[in-house]
Amino acid sequence: MYRTAVRDVVVGDVRWPREAGYFCCTSAAGRNSRSHTCPARFSPGSRSATHLAFGHGIHFCLGAGFARLELEIATQGIAARMPSLTLAPELPPGHRTVLPLRALTELRVRQ
């Protein structure tokens, strides 16, 4: 996402002057080790509210509630059918990064 600053902006130690262009890489969101204990680890039980999966502000996804409900129903169904299913910690999940997104390609489990 290419953006142009409408006023002088300071983010962390970086200052962008008014009208400077910059590229926002949302695949980097949630990967800050200062605000996340282990940003490279998949943590399905995490309650972090800093992700951008459904957008932000006026661009927040209208279907977010439905997507969360679908996920809850699906995971409850899987858990009911396979109660001993666990993540395989010795096998990290596979990822792919296609700018500007970072996606989970596989999630290894064991039963």
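The values are calculated or read from the model by the stated rules, or taken from the named source; none is laboratory data. Here the structure is a predicted model, which is why all the values come from computation and not from measurement. With ideal geometry, Cβ positions are generated from the backbone for all residues, glycine too; neighbour counts draw on all protein chains shown. Quick note on the areas: whole protein, heavy atoms, side chains included, nothing else; ligands and nucleic acids left out. Shrake-Rupley method; radii C 1.70, N 1.55, O 1.52, S 1.80 Å.
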Next on the checklist: For region 1-35, give me each residue that is outside any strand (DSSP E or B), over 20 Å from Arg96 (Cα atoms), in contact (Cβ under 8 Å) with a residue 12 or more places away in the chain and not hydrophobic (A, V, I, L, M, F, W, C).
Outcome noted: Pro17, Arg18, Glu19, Ser35
Item to check | Checklist (1) within 23 Å of the chain's Cα centre (by Cα); (2) of a type in the set (Asp, Glu); (3) at positive phi applied to Glu19, failing item | outcome: (1)
Checklist entry - Limited to region 13-35, what total is found for residues that are at pLDDT 85 or above and either within 18 Å of His56 (Cβ to Cβ) or open to solvent by 100 Å² or more (accessible area, probe 1.4 Å) (or both)? => result 4
Next on the checklist: Restricting to region 36-68, give me the number of residues that are exposed (fewer than 11 other Cβ atoms within 10 Å of the Cβ), assigned to a helix (DSSP H, G or I) and modelled with pLDDT of 90 or more.
Outcome noted: 2
Item to check | All positions within region 69-108 that are modelled with pLDDT under 85, surrounded by 10 or more Cβ atoms within 10 Å (Cβ to Cβ) and not in a loop (DSSP other than H, G, I, E, B) | outcome: Leu87, Gly94, His95, Arg96, Thr97, Leu101, Arg102, Ala103, Leu104, Glu106
